[in-house]
Amino acid sequence: MSTINPNGKEIISVSADFCGKPLTLEVNRVGFRTTASVLVRYGDTVVLGTAMVGSKPVVLDYFPLSIDYEEKFYAAGKISGSRFIKREGRPSDEAILIGRLIDRPIRPLFPKGYRQEVQVVSSVLSMDPNFRPDMIAMIAASSALMLTGTPFDGPVSGLRVGRVDGKFKAFLTPEERAQSDLDLVVAGIETGITMVEAGADEISEEVIIDAMAWAFEALQPAIALQRELVARIAPVAQEYQLVLPDEAIQTTVDQWIEGKLGEKLRQPYPERNEMINELRWEFHAAMTEQVGAETYPSVHDEYDEAFTMAVHKDVRKGIVEHSKRPDGRDLNEIRLLSSEVGILPRAHGSSIFTRGVTQGMNIVTLAPLSYAQMVDTMEVNDGERRYMHHYNAPGYTVGEVRRLGSPGRREIGHGYLAERALSAVLPSEEDFPYAIRSVTEIMSQNGSTSMAATCSACLALMDAGVPLKRPVSGIAMGLMMDNGKPYVLSDIADAEDFAGDMDFKVTGTERGVTAMQMDMKVHGLPVEILRQAIEQSKAGRQHILEHMLSTLAAPRPSLSPYAPRIEKIKINPEKIGAVIGKGGEVINKITAATGAQIDIKEDGLITVASPDGASIQQAIDWIKSLTEEPEVGHIYTGKVVSIKDFGAFVNILPGTDGMVHISQLSDARVEKVTDVLHEGQEVRVKLTGIDERGRLSLTLRDVDQA
């Protein structure tokens, strides 16, 4: 029996098994005024995907598509941990990154020249704590778009895959994610993969390739289910008009530019860019004269886009027909490399990494663990980021006048990729008890700045004395398809990125991959073609790593004199209360007396920070005196706290008393305890035993009382 909504429409749902659980897509229950909306259920997770499409094209030179992921704290039964703001506001970095994750496989599936304004929002209404909801949000976004009637060449589905005990699995529990050495997101359509993103614990390229193939097969049921929903709804195809260069204009441009590109423009950067700019100005001057000064301004943008298309075609022609790239390099050739470390005298660590015209400066700052960033999102409970990588790229880095502002989605995404690349090789908190902030200031851009951020960050971390497990390098790869044949490019620059069919970035150590990001501009690629790009990237990474190690072979043995000194001590977690004291009385007393900063973790790890080593030692000795565990055979200086007929009780540690039996007061016979001891007296005693009830036995015999 069908259900009718308040507007008289049938509520339609379709379901299928997806990785062991029912996946349900439902329409007409909510979102009556959207162009299309779909409720997606998987376990206890419910995501609303909505799509709104503008009624007419907008006058812009790009496709105005926005895709957002909305965290709702109520979905997880949480109220924001912020003390001052309780409602959802600016999206967290995590939400922005998931929005990008959904956007990247969807955007290329619209035709070039489509200019209708499209807004897609995936809102998490209920979150099953047993798995992350991001891939269900991707399915919700794709399902909604499939019902709009737009020329969207979907559907798209995605899976987040891990590897536990050597086996691939999707929808991992939090416990399984902690055990997994791989965090891989694969998105695709029926015919191929459209996007890949990964973080990994130095695993081999072959494992990642196998995981991609596994995920591609596993995500197909969600694609088939969206097709079933579309067949049930039968959305009306939207009328639209593509904004493309007029064929006559393109022909005119191609004729004018013939003979002016090719070998003449295969020059190193930035000379090639300058030559292209000069040619562009010459072209517009010629077209102004040919079309007419009064008419040309109205068609200037169309001619300019046609000129850009002609340049892109020339780039592809050089690679496909001559195996030569725009700057004259061979397909697997890396641009000239240069790097320096220790360039900023007051920074804790600094570096400059240059690849061709692309240049990144990185600055590392060390601080006590209390400076780690608290992460307050719908998904994470009381989490924190100990390592933070921030990426900045102002307008001057691309030769433009641009207003300064807060970081955009691209900057957040590039910073996260570099952060992921290095997280796998950072030392543990126990081995290196510091919060670490790494900031990449891009100085010049010409492709692959996220990989420059990775390489410069690695060098700056080593310059700061951070004991990385192994150094990390990164490279951006490109791909051009021609009649089914792939042409793989190592270390792509802007011209190849704009004209190419894939942008692929991979980072890793000599042992394996630590991070990956792959975006396709074509409508899906098979795993075997991606395999070639991944395998070719390994040699490029190794070449870059060798250069980096020639600049700085290993982390510096000591920290900068300007970095805070931090020592650590591990105590029994049950003794944390003794260090803090009632209302923080004890810890406040220690910090006031020593001047040291003290941070306490729930597992009993205590870090003590101060520019003065003596202050650190004083605080540590104080903490030890409060938390030290009794050790048999150890001699303590204690105070007699009570006298009994059979012996005396001596306080040897804060809150810890032991008994000296009358027979252990002296080698000679003692008639009365008070003949040897009195209350308040300080004595040296040896701990001789601890019984099954935790009672301590002490002796004064054979202990020097001097």
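The values are calculated or read from the model by the stated rules, or taken from the named source; none is laboratory data. Just so it is clear, the model here is predicted, and its values are computed rather than measured. A quick note on method: Cβ atoms are made from the backbone with ideal geometry, for glycine too, and the neighbour counts reach across all protein chains shown.
Just to be sure, is Lys575 of a type outside the set (Val, Ile, Thr) and touching a residue at least 60 places away in the same chain (Cβ under 8 Å)?
When the stated conditions are applied, Lys575 does not pass them.
When you scan region 136-152, do you find a residue that is in a strand (DSSP E or B) and surrounded by fewer than 20 Cβ atoms within 10 Å (Cβ to Cβ), even just one?
Initial filter on region 136-152 (in a strand (DSSP E or B)): none.
There is no residue in region 136-152 that is in a strand (DSSP E or B) and surrounded by fewer than 20 Cβ atoms within 10 Å (Cβ to Cβ).
Right, Ser37: touching a residue at least 60 places away in the same chain (Cβ under 8 Å), in contact with a Gly (Cβ under 6 Å, 6 or more places away or on another chain) and among the polar types (S, T, N, Q) or not?
yes
Considering only residues that are of a type in the set (A, V, I, L, M) and surrounded by 20 or more Cβ atoms within 10 Å (Cβ to Cβ), which ones fall in region 17-52? Quick ask: steps written out before the conclusion?
Step one: list which residues in region 17-52 are of a type in the set (A, V, I, L, M), which gives 23, 25, 27, 30, 36, 38-40, 46-48, 51-52.
The answer is Leu23, Leu25, Val27, Ala36, Val38, Leu39, Val40, Val46, Val47, Leu48, Ala51.
Answer with yes or no whether Phe73 is exposed (fewer than 13 other Cβ atoms within 10 Å of the Cβ), touching a residue at least 24 places away in the same chain (Cβ under 8 Å) and either more than 23 Å from Pro221 (Cβ to Cβ) or not assigned by TED's automatic domain parsing to the domain that holds Phe131 (or both).
Considered against the rule, which asks whether it is exposed (fewer than 13 other Cβ atoms within 10 Å of the Cβ), touching a residue at least 24 places away in the same chain (Cβ under 8 Å) and either more than 23 Å from Pro221 (Cβ to Cβ) or not assigned by TED's automatic domain parsing to the domain that holds Phe131 (or both), Phe73 comes out as no.
Is it true that Glu429 is under 25 Å from Arg100 (Cα atoms) and not polar (S, T, N, Q)?
no
Quick one: Val315 ticks every box in (1) in contact with a Pro (Cβ under 6 Å, 6 or more places away or on another chain); (2) assigned to a strand (DSSP E or B) except a single one, so which number is it?
(2)
I want to confirm something. Restricting to region 501-535 and keeping residues that are touching a helix residue (DSSP H, G or I) at 6+ places or on another chain (Cβ under 7 Å) and of a type in the set (Lys, Arg), which single residue is nearest to Glu205 (Cα to Cα)?
Ranking the candidates gives Arg531 first.
Just to be sure I understand the filter: pairs with C-beta atoms under 6 Å, separated by 6 or more residues or on different chains, first member in region 172-194 and under 14 Å from Asp153 (Cα atoms), second member surrounded by fewer than 16 Cβ atoms within 10 Å (Cβ to Cβ). Which pairs pass?
The qualifying pairs are Gly192/Pro526.
State yes or no: is Met361 touching a helix residue (DSSP H, G or I) at 6+ places or on another chain (Cβ under 8 Å) and either within 23 Å of Met462 (Cα to Cα) or part of a strand (DSSP E or B) (or both)?
So Met361 fits the description; yes.
Does any residue of region 665-672 turn out to be of a type in the set (Lys, Arg), modelled with pLDDT of 90 or more and in a strand (DSSP E or B)?
No, every residue in region 665-672 fails to be of a type in the set (Lys, Arg), modelled with pLDDT of 90 or more and in a strand (DSSP E or B).
Here's the yes/no breakdown for (1) buried (at least 21 other Cβ atoms within 10 Å of the Cβ); (2) out of contact with any Leu (no Cβ under 9 Å at 6 or more places or on another chain); (3) among the aromatic types (Phe, Trp, Tyr); (4) closer than 21 Å to Leu422 by Cα:
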| site | (1), (2), (3), (4) |
| --- | --- |
| Ala187 | yes, no, no, no |
| Glu190 | no, yes, no, no |
| Met195 | yes, no, no, no |
| Ile208 | yes, no, no, yes |
| Pro221 | no, no, no, no |
| Ala224 | no, yes, no, no |
| Arg227 | no, yes, no, no |
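From the residues in region 544-572 that are out of contact with any Gly (no Cβ under 8 Å at 6 or more places or on another chain) and among the polar types (S, T, N, Q), which one is surrounded by the most Cβ atoms within 10 Å (Cβ to Cβ)?
The initial filter retains those residues of region 544-572 that are out of contact with any Gly (no Cβ under 8 Å at 6 or more places or on another chain), namely 545-554, 561-562, 564, 566-569.
Restricting the remaining residues to those that are among the polar types (S, T, N, Q) gives 550-551.
Numbers: Ser550: 10, Thr551: 17.
Looking at residues that are out of contact with any Gly (no Cβ under 8 Å at 6 or more places or on another chain) and among the polar types (S, T, N, Q), I get Thr551.
For the structure I just gave you, tell me whether Gly383 is surrounded by fewer than 17 Cβ atoms within 10 Å (Cβ to Cβ), more than 30 Å from Asn130 (Cα to Cα) and at pLDDT below 90.
Working: surrounded by fewer than 17 Cβ atoms within 10 Å (Cβ to Cβ): yes; more than 30 Å from Asn130 (Cα to Cα): no; at pLDDT below 90: yes.
Here the answer is no, as Gly383 does not meet what is asked.
Only one residue in Val364, Val375, Val398, Val320 is among the hydrophobic types (A, V, I, L, M, F, W, C), in contact (Cβ under 8 Å) with a residue 40 or more places away in the chain and surrounded by 21 or more Cβ atoms within 10 Å (Cβ to Cβ). Which one?
Val364
Being in contact (Cβ under 8 Å) with a residue 24 or more places away in the chain and touching a helix residue (DSSP H, G or I) at 6+ places or on another chain (Cβ under 8 Å) is the requirement here; does Asp128 meet it? Walk me through how you get there before you give the answer.
Values: in contact (Cβ under 8 Å) with a residue 24 or more places away in the chain: yes; touching a helix residue (DSSP H, G or I) at 6+ places or on another chain (Cβ under 8 Å): no.
Considered against the rule, which asks whether it is in contact (Cβ under 8 Å) with a residue 24 or more places away in the chain and touching a helix residue (DSSP H, G or I) at 6+ places or on another chain (Cβ under 8 Å), Asp128 comes out as no.
Can you confirm whether Ile102 is surrounded by 19 or more Cβ atoms within 10 Å (Cβ to Cβ), without any contact (Cβ under 8 Å) to a residue 60 or more places away in the chain and β-branched (Val, Ile, Thr)?
Answer is yes for this residue.
Can Ser444 be described as in the same structural domain as Ala499 (by TED's automatic domain parsing) and within 19 Å of the chain's Cα centre (by Cα)?
Against the criterion (in the same structural domain as Ala499 (by TED's automatic domain parsing) and within 19 Å of the chain's Cα centre (by Cα)), Ser444 does not qualify.
Determine if region 300-307 includes at least one residue that is touching a residue at least 24 places away in the same chain (Cβ under 8 Å), farther than 23 Å from Arg115 by Cβ and not assigned by TED's automatic domain parsing to the domain that holds Glu117.
No.
Any idea which residue in region 289-308 is surrounded by the most Cβ atoms within 10 Å (Cβ to Cβ), counting only those that are among the acidic types (Asp, Glu) and over 18 Å from Leu60 (Cα atoms)? Spell out how you get there, then give the answer.
First pass over region 289-308, keeping only residues among the acidic types (Asp, Glu): 289, 294, 301-302, 304-305.
Filter once more, so that each one left must be over 18 Å from Leu60 (Cα atoms): 289, 294.
Details: Glu289: 10, Glu294: 8.
That would be Glu289.
What number of residues within region 214-248 satisfy the criterion of being part of a helix (DSSP H, G or I) and either without any contact (Cβ under 8 Å) to a residue 12 or more places away in the chain or over 24 Å from Ala137 (Cβ atoms) (or both)?
The number of residues fulfilling the criteria is 4.
Inside region 524-633, counting only helices (runs of 4 or more DSSP H) that do not spill past its ends, which hold 2 or more residues that are touching a Cys at 6+ places or on another chain (Cβ under 7 Å) and at pLDDT 90 or above?
527-551
In region 1-100, which strands (runs of 3 or more DSSP E) lie fully inside it and hold 3 or more residues that are farther than 30 Å from Ala418 by Cβ and out of contact with any Asp or Glu (no Cβ under 9 Å at 6 or more places or on another chain)?
Result: 10-18, 21-27, 45-57.
Here is a list of conditions, (1) of a type in the set (Asp, Glu); (2) free of Cβ contacts under 8 Å to residues at least 40 places away in the same chain; (3) touching a Lys or Arg at 6+ places or on another chain (Cβ under 6 Å), and Asp519 meets all of them except one; can you say which number that is?
So Asp519 meets the others, but not (2).
Taking the condition surrounded by fewer than 21 Cβ atoms within 10 Å (Cβ to Cβ) and farther than 26 Å from Val185 by Cβ, does Lys521 pass?
Details: surrounded by fewer than 21 Cβ atoms within 10 Å (Cβ to Cβ): yes; farther than 26 Å from Val185 by Cβ: no.
No, not satisfied.
So is Ile233 touching a helix residue (DSSP H, G or I) at 6+ places or on another chain (Cβ under 8 Å) and either under 29 Å from Lys56 (Cβ atoms) or among the aliphatic types (A, V, I, L, M) (or both) or not?
Values: touching a helix residue (DSSP H, G or I) at 6+ places or on another chain (Cβ under 8 Å): no; either under 29 Å from Lys56 (Cβ atoms) or among the aliphatic types (A, V, I, L, M) (or both): yes.
Spelling it out, it is not the case that Ile233 is touching a helix residue (DSSP H, G or I) at 6+ places or on another chain (Cβ under 8 Å) and either under 29 Å from Lys56 (Cβ atoms) or among the aliphatic types (A, V, I, L, M) (or both).
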